[in-house]
Number of protein chains: 2
Amino acid sequence: MTSATKVPVEGAAISAPEELKSGSLNTKIYNAIKQRILSNRLRPGTKLVHEQLANELRVSRTPVREALERLYSEGYIVHILRRGFFVAEIDETEARELYELREALEVFALRKVFETTETWPMEHIRALNGQYRVAIDSLGTRDRMLTDRDFHLGLARLAGNGRVVDTLASIFDRVILKRRVEGYLPTRGPEAYKEHIALIEALADHDAASSEAILRGHIRSAWGRLHEHLQVLADHDPDDLD
Amino acid sequence: MTSATKVPVEGAAISAPEELKSGSLNTKIYNAIKQRILSNRLRPGTKLVHEQLANELRVSRTPVREALERLYSEGYIVHILRRGFFVAEIDETEARELYELREALEVFALRKVFETTETWPMEHIRALNGQYRVAIDSLGTRDRMLTDRDFHLGLARLAGNGRVVDTLASIFDRVILKRRVEGYLPTRGPEAYKEHIALIEALADHDAASSEAILRGHIRSAWGRLHEHLQVLADHDPDDLD
């Protein structure tokens, strides 16, 4: 089995083969359902019915079953005994762990930029926060959160570690897409904007200690608000429990 | 599509359904090939041939193609134009990014334990390092590295954040399993053991600052050695390049 051929590391083009560009039926169905989850057409808590999905996607139940297995193994959906498959919803433990991980990675990225550059690209950072200000005024809660994600990913990207950015992006996706935003207080948007402004001022002053303290405080405030919200949801959803 | 049913968060047992326990043919073949990669029966750089895999696993080429697509999308294998599929091998950028991420997460976990507990479970930690000492004397390079992983994951686990432990575990898997260890100097084992001992002494003294400095130094030494090794491999493998 272990043929001696080695990967030519440089020189050869690494590319997606034709069969992956088009994708098999199973992969297409997997992508279609995942896309509905990530775009929130299928919201957290929604029940997934094989037959219904098969009808909508105009395929047999086999590729749907394959796709649900894969989404289950990746944590996008859960299975409840005698109830079936549901789009996964965030719980308090997962949310706390994700916010801690987010703080560790964002602080790492912030320090890395301070260690390696003399000045931050302030115009770029202010533009990202400008987009966030627009989002507070005009967008729904979830879209506002996605714009906040862009601000934070934009900062982290300056540290030059793609894997940290990818990991952060998947944290934001989970925190944003796996939660219900109904009833979430809209005041968090303006608060977060002010905290961004304070962070931007500290970056412009090249003040590493203040920047780090503000960033940590900002992430912990966000977690505090989400934590409260998850408790409100738990208190008001007694009908959902067996 | 969006049925109003909500996931019953508590009270109902969340479990793998029967179909996932057994798994479809595609999932079984996917797991079989992935297991060969993770157990290093299929080593980094090995060419993967559909027909050969289908014969070995006694299935048609269709589930093999499905499995390779999925492993490709997850980064376990690469595709090179007109050459085919190969078990992915680590490159310098990926390795550097993973070591930086590892440092960020291990330092986060260390600080968290110092913040939340008065004493470290020293007996447990010394036992983990005792296993590492045995591994230096008796095991091959890759198994020695897997024992080192157990030491570091054991420390990180004390911070009580499962997601950080999972992310670290996947970093170690990538760093260890995606590299060729042929020609890697065995002296790193005893060095790493001494660095573990220094860390353990600082933990026993409940000295947070020293512990963090030693841990950072330890991870950076490991990266330095790997970095050298990757350059030696690159210098000595001119035949692999087109």
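Scalar couplings 3J(HN,Hα) for segment B:174-182, obtained by applying the Karplus form with A = 6.51, B = -1.76, C = 1.60 to θ = phi - 60°, are 5, 5, 7, 7, 9, 10, 8, 9, 4 Hz; x denotes Gly and Pro. Between B:108, B:127, B:151, the Cα set farthest toward the positive side of the dipole of segment B:87-164 (charges on each charged residue's Cβ, about the Cα centre) is that of B:127.
Which shape class applies to chain B: rounded if a/c is under 1.5, otherwise prolate when a/b exceeds b/c and oblate if not, where a ≥ b ≥ c are the square roots of the Cα gyration tensor eigenvalues? Oblate shape, in that a/c is at least 1.5 and b/c is the bigger or equal ratio.
Residue pairs exceeding 25 angstrom between C-alpha atoms, taken from A:178/B:28; A:28/A:178; A:112/B:34: A:178/B:28; A:112/B:34. Backbone amide hydrogens, once placed in the peptide plane, bring residue A:77 within less than 5 Å of A:72, A:88, excluding anything fewer than 5 places away on its chain. Placing a label point 7 Å from the Cα of residue A:40 along the Cα-to-Cβ direction, the distances to the matching points in the other copies come to 4.6 nm, shortest first.
Computed about its Cα centre, the charge dipole of segment B:92-240 is approximately 280 debye, with only Lys, Arg, Asp and Glu carrying charge at their Cβ.
Here the chain B residue lying nearest the rotation axis onto A, judged by its C-beta and given with the distance in whole angstrom, is B:104, 3.
Each Lys and Arg adds +1 at its Cβ and each Asp and Glu adds -1 at its Cβ; summed about the Cα centre, the protein assembly as shown shows a dipole of about 1640 debye.
Which FRET efficiency value, to the nearest 0.05, is calculated for residue B:198 and residue B:142 with the Förster distance at 35 angstrom and r the Cβ-Cβ distance? Calculated transfer efficiency: 0.90. Beyond 13 Å, what share of the Cα-Cα pairs of segment A:21-87 is found? Please give it as a whole percent. Of the Cα pairs, 61 percent sit more than 13 Å apart.
Count the net charge of all other residues whose Cβ sits under 11 Å from the Cβ of residue B:102, scoring Lys and Arg as +1 and Asp and Glu as -1. List each step's numbers first, then the result.
Numbers: positive: A:163, B:96, B:149, B:174, B:216, B:220; negative: B:97, B:100, B:103, B:106.
Taking every Cβ under 11 Å from that of residue B:102, the sum is +2.
Based on alpha-carbon centroids, what's the gap between segment A:163-242 and segment B:127-165 in Å, whole number please? Spelled out, the Cα-based centre of one part sits 34 Å from the other. Ascending distances from the residue B:228 label point to its copies in the other chains, with the point 7 Å along the Cα-to-beta-carbon line: 5.5 nm.
In percent, rounded to a whole number, the relative contact order of segment B:72-161 is 25, using alpha-carbon pairs under 8 Å and six or more apart. Sites listed here are trypsin sites (Lys or Arg not before Pro) in segment B:68-146 whose DSSP assignment is loop and whose Cβ has at most 14 other Cβ atoms within 10 Å: B:82. Per-residue ellipticity at 222 nm from helix content only, as computed over chain A with -39500 (n - 2.57) for each DSSP H run of at least four residues, stands at -22000 deg cm²/dmol. In percent, rounded to a whole number, the relative contact order of segment A:92-240 is 35, using alpha-carbon pairs under 8 Å and six or more apart. Taking the Cα centre of segment A:21-87 as origin and assigning +1 to Lys and Arg Cβ atoms and -1 to Asp and Glu Cβ atoms, the resulting dipole is close to 120 debye.
Any read-out appearing in this document is the output of simple, stated calculations on the displayed coordinates, not a laboratory observation. As the structure is a prediction and not an experimental result, all values here were calculated from the model. Cβ: placed from backbone, ideal geometry, glycine included. Neighbour counts: every protein chain shown.
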